[in-house]
1. If I filter the stretch 118-143 down to residues being open to solvent by 50 Å² or more (accessible area, probe 1.4 Å) and part of a helix (DSSP H, G or I), which single residue comes out as modelled with the lowest pLDDT?
2. Out of N44, N75, report the one residue that is out of contact with any strand residue (DSSP E or B) (no Cβ under 8 Å at 6 or more places or on another chain), free of Cβ contacts under 8 Å to residues at least 12 places away in the same chain and in a helix (DSSP H, G or I).
3. Can S146 be described as assigned to a helix (DSSP H, G or I), in contact (Cβ under 8 Å) with a residue 40 or more places away in the chain, of a type in the set (S, T, N, Q) and more than 21 Å from I56 (Cα to Cα)?
4. Kindly provide the set of residues from the stretch 92-105 that are among the hydrophobic types (A, V, I, L, M, F, W, C), in contact (Cβ under 8 Å) with a residue 24 or more places away in the chain and open to solvent by 10 Å² or more (accessible area, probe 1.4 Å), ordered by number.
5. Does the stretch 50-66 hold any residues that are part of a loop (DSSP other than H, G, I, E, B) and open to solvent by 70 Å² or more (accessible area, probe 1.4 Å), and which are they?
6. Residues that are open to solvent by 20 Å² or more (accessible area, probe 1.4 Å), modelled with pLDDT under 90, farther than 24 Å from E130 by Cα and assigned to a helix (DSSP H, G or I): does the stretch 25-38 have at least one?
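The values are calculated or read from the model by the stated rules, or taken from the named source; none is laboratory data. Just so it is clear, the structure is predicted and the values come from calculations on it, not from any experiment. Cβ placement follows ideal geometry from the backbone for every residue including glycine, while neighbour counts extend to all protein chains displayed. Remember, those area values only see protein heavy atoms, side chains included, never the ligands or the DNA or RNA. Shrake-Rupley method; radii C 1.70, N 1.55, O 1.52, S 1.80 Å.
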Amino acid sequence: MKDVQLEIGGRPLDGAELGALAHLYRGEVYRCSVWRTRLDTTTNWAVVTLGVALSIAYAAPDASPLPLVLVGISNLFFLTLEARRYRYCDLWRRRFRSMEMNLYGPILSGTAGPDASWARDLRDSYVRPEFGITYLHAMGRRIRRSYFWIMIIQLLAFLGKITVHPSPVENFEQAMQRASVGVIPGEAMALGGLIYALVLTTLALWSLLADRRARIAEDLSAPDATY
């Protein structure tokens, strides 16, 4: 591999500056890894609460489907919390990916070093950080990765509770009677579940289309476009 003189803004980088950038890169990777672990923690909470709700709802023939409704509310809370964490994780990731493409890439390929625009963008990210993804977009991505499947299991469990547990229903009225929770009629519970599923599914599909458009428009790799 031939020697490459790395420059930023027309000024060569000395050994101390390259070392500082290496430590900066390692720090950004570490911060992203920490926030990625926090994402997994929130998802684990959602899975555990769903398991508890399933156990309670199917524990007895006369058990109420209310736990399956409450777990949907708790999972919405986990989803919003996870979307916030995802935005921070994405911020750190964009920084170290920028260094990989503009600093380490030229070193490994033996080509010219990074240009001034890359350095200015990275500097601005430290001086005035801005998220690279909206809150709703982050929610859509997390739904596609994890919460869509949690939602499917939850809805199937609710349908199973009101249709086959403890015995198969004989008509629609009986199913709505089983779906009722307290003073809330079964029709309202069914409508709420339908809206819940449609909203989350629409958000997931919207984020998928947005990621595909960004991948084509910016010529991104699949991991960069759909992380």
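1. We begin by selecting, within the stretch 118-143, every residue open to solvent by 50 Å² or more (accessible area, probe 1.4 Å); these are 120-121, 123-124, 126-131, 134-136.
Add one more test, that the residue is part of a helix (DSSP H, G or I), and what stays is 120-121, 123-124, 126-127, 135-136.
Values: R120: 82, D121: 86, R123: 85, D124: 89, Y126: 90, V127: 92, Y135: 94, L136: 95.
Looking at residues that are open to solvent by 50 Å² or more (accessible area, probe 1.4 Å) and part of a helix (DSSP H, G or I), I get R120.
2. Working: N75 fails: free of Cβ contacts under 8 Å to residues at least 12 places away in the same chain.
Answer to the check: N44.
3. Working: assigned to a helix (DSSP H, G or I): yes; in contact (Cβ under 8 Å) with a residue 40 or more places away in the chain: yes; of a type in the set (S, T, N, Q): yes; more than 21 Å from I56 (Cα to Cα): yes.
Yes: the conditions hold for S146.
4. Let us first name the residues in the stretch 92-105 that are among the hydrophobic types (A, V, I, L, M, F, W, C), namely 92, 96, 99, 101, 103.
Still in the list and also in contact (Cβ under 8 Å) with a residue 24 or more places away in the chain: 92, 96, 99, 103.
Answer for the stretch 92-105, where residues must be among the hydrophobic types (A, V, I, L, M, F, W, C), in contact (Cβ under 8 Å) with a residue 24 or more places away in the chain and open to solvent by 10 Å² or more (accessible area, probe 1.4 Å): W92, F96.
5. Filtering the stretch 50-66 for residues part of a loop (DSSP other than H, G, I, E, B) gives 58-65.
Hits for the stretch 50-66 are Y58, A59, P61, D62.
6. no
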